[in-house]
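Peer 1: First the structure, which I've put down as structure tokens, then a few questions once you've had a look.
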Amino acid sequence: SIPDYWLSNHIVDLAVGKGHRIWVATEVGLYYLDKNDYALRQIRDKAFPSGPINHLNATRDGSLWVMVARHIVHMTAEGMVIKVYKAPNAGDGKKFVNSISEDSRGRYWLYECRGGIRRYDKATDSFVPCHWDCPCEPHGGFYEDVAHGCFWVSTWGMGVVKYVLGDSDNAHRVEYQPCTFEGRTLNESKGKIISMTSDGKTLWCSAMDGF
């Protein structure tokens, strides 16, 4: 059922959390669908910042990461705010973070709007910059290739790149895949990846000019 306080029909993102909850991010609020009674409830924690939401992710430990305006919000599985971080870059004035992802080792990777990649460092409780010499921002598509020890990351202009981790955050490197962006001089939409997934053998991408 749709509650009276449902303020927007524009759903930005969904995530499956613990405790029989499906999290729903809209432009103006965060809600969860309780599968015990299928009621839709709004998060009302006063520490939750106001502003448009552009991404959320439920991680394996049960917590949530929510991108709200220029803030990164870490929340419990019950929807209580743990901490609010300020986005470390200037973004485009409206959007600051494209997404956050978790790898098989429980590390969190932040993909910046008009920026690069940062890793969450538990020791300093901060997002530290990683080497990213690609001229285009990482747009959020992320696939961990455990077998080959690398990540595949979608970009907004240079297609899909192979991101190989080095011994330190400054030693990571980007390897371009020309087949995913060739011809962009003739087609300005070429190489702009919207989303990406894998069937276990092949990466499938949706892009501005097709897939």
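The values are calculated or read from the model by the stated rules, or taken from the named source; none is laboratory data. These figures come from a predicted structure and were not determined experimentally. With ideal geometry, Cβ positions are generated from the backbone for all residues, glycine too; neighbour counts draw on all protein chains shown. Just so you know, the surface numbers come from the protein's heavy atoms only, side chains and all, with ligands and any DNA or RNA stripped out. Shrake-Rupley method; radii C 1.70, N 1.55, O 1.52, S 1.80 Å.
Peer 1: Rounded to the nearest whole Å², what accessible area per residue is found for the stretch 111-211 with the 1.4 Å probe?
Peer 2: Each residue of the stretch 111-211 exposes 55 Å² on average to a 1.4 Å probe.
Peer 1: What are the ³J(HN,Hα) values, in whole Hz, obtained from phi via the Karplus relation 6.51 cos²θ - 1.76 cosθ + 1.60 with θ = phi - 60°, for each residue of the stretch 202-209 in sequence order, with x given for Gly and Pro?
Peer 2: 10, 8, 10, 10, 9, 9, 4, 10
Peer 1: Let me ask something else. In nm, give the distance between the simple-model label positions of D121 and I82, each being 7 Å from the Cα along the Cα-to-Cβ direction.
Peer 2: 1.9 nm
Peer 1: Just one of (1) 17.7, 53; (2) 18.5, 58; (3) 17.7, 61 is Rg and Dmax of the Cα atoms in Å calculated from these coordinates, so which is it?
Peer 2: (1)
Peer 1: When only Cα pairs under 8 Å and 6 or more residues apart are kept, what is the percent relative contact order across the chain? Walk me through the numbers before you get to the answer.
Peer 2: Details: 497 pairs, mean separation 19.7, N = 211.
Computed value for the chain: 9 percent relative contact order.
Peer 1: Here is a follow-up. Please report the relative contact order for the stretch 144-194, taking Cα pairs under 8 Å with a sequence separation of at least 6, and give it as a percent rounded to a whole number.
Peer 2: On the way: 90 pairs, mean separation 17.4, N = 51.
Reported relative contact order: 34 percent.
Peer 1: Could you look at the chain and say what percent of its accessible area is carbon and sulfur, using a 1.4 Å probe and all protein chains?
Peer 2: Carbon and sulfur together cover 51 percent of it.
Peer 1: If you don't mind, another one. Apply the Karplus curve 6.51 cos²θ - 1.76 cosθ + 1.60, θ = phi - 60°, to the phi angles in the stretch 131-144 and return the couplings in whole Hz, x for Gly and Pro.
Peer 2: Computed from phi, the couplings for the stretch 131-144 are 4, 8, 9, 6, x, 10, 6, x, 8, x, x, 9, 9, 8 Hz.
Peer 1: Kindly list the residues of the stretch 140-165 that lie in the label zone of M208, defined by a backbone N under 20 Å from the point 7 Å along the Cα-to-C-beta vector.
Peer 2: The answer is 140-142, 153-162.
Peer 1: Report the extension gain between A147 and S50 in nm, rounded to one decimal, defined as 0.36 nm multiplied by the number of residues separating them, less their alpha carbon distance.
Peer 2: 30.8 nm
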